[in-house]
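The values are calculated or read from the model by the stated rules, or taken from the named source; none is laboratory data. Quick caveat: nothing in here was measured; it's all calculated off a predicted structure. Note that each Cβ is placed from the backbone with ideal geometry, even for glycine, and that neighbours are counted across all protein chains shown.
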Amino acid sequence: MTDTDDDRPYRLLDALDETEVPAGRSLLVTASEPAGTEFLMRLLGQGHRDGEDLLVLTTDDPAGTVTADIETHTDSAGAGSPDRMRVIDCQTDALNVDAHDEETVKTLRRAFNGVLTVSSEGEELTVQVSGLEGVSEDGRSVEK
């Protein structure tokens, strides 16, 4: 879904800083808490609104629910075209498999250049990017 002739970096966490992910890199984005998931939907909605292509793999919620959540966070004045977003449903509930078990997560991480992890502790939400050259791995506090 990425135009290989487009070498613009992906903007990430615009509200916090000007972290940029180099073009052509893939980023595994994870959150296990509801507040973290809400933050991710806002982040993906912002990218969709700004005209970025999205490929989302969901292991918890049905693809239709994720699509609707992202579209809710894409204002109607933005560039969020349905052609620029694909959601793949990888739910494992029916298989009685835990998609968040340590081995599955390790396997997924190997398929991506970097990882953005959203974690929640009390009232604080922390975002950490790891594995991307030139990008700080320090955690950043964000609003829930």
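A quick yes/no check of all residues on (1) among the hydroxyl-bearing types (S, T, Y); (2) in a loop (DSSP other than H, G, I, E, B):
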residue	(1), (2)
V105	no, no
R109	no, no
F112	no, yes
T117	yes, no
S120	yes, no
L125	no, no
Q128	no, no
L132	no, yes
D138	no, yes
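Among the listed residues A79, A94, which satisfies the condition of being at pLDDT below 85, in contact with a helix residue (DSSP H, G or I) (Cβ under 9 Å, 6 or more places away or on another chain) and either surrounded by 14 or more Cβ atoms within 10 Å (Cβ to Cβ) or not hydroxyl-bearing (S, T, Y) (or both)?
Details: A94 fails: in contact with a helix residue (DSSP H, G or I) (Cβ under 9 Å, 6 or more places away or on another chain).
Just a single option satisfies the conditions, and that option is A79.
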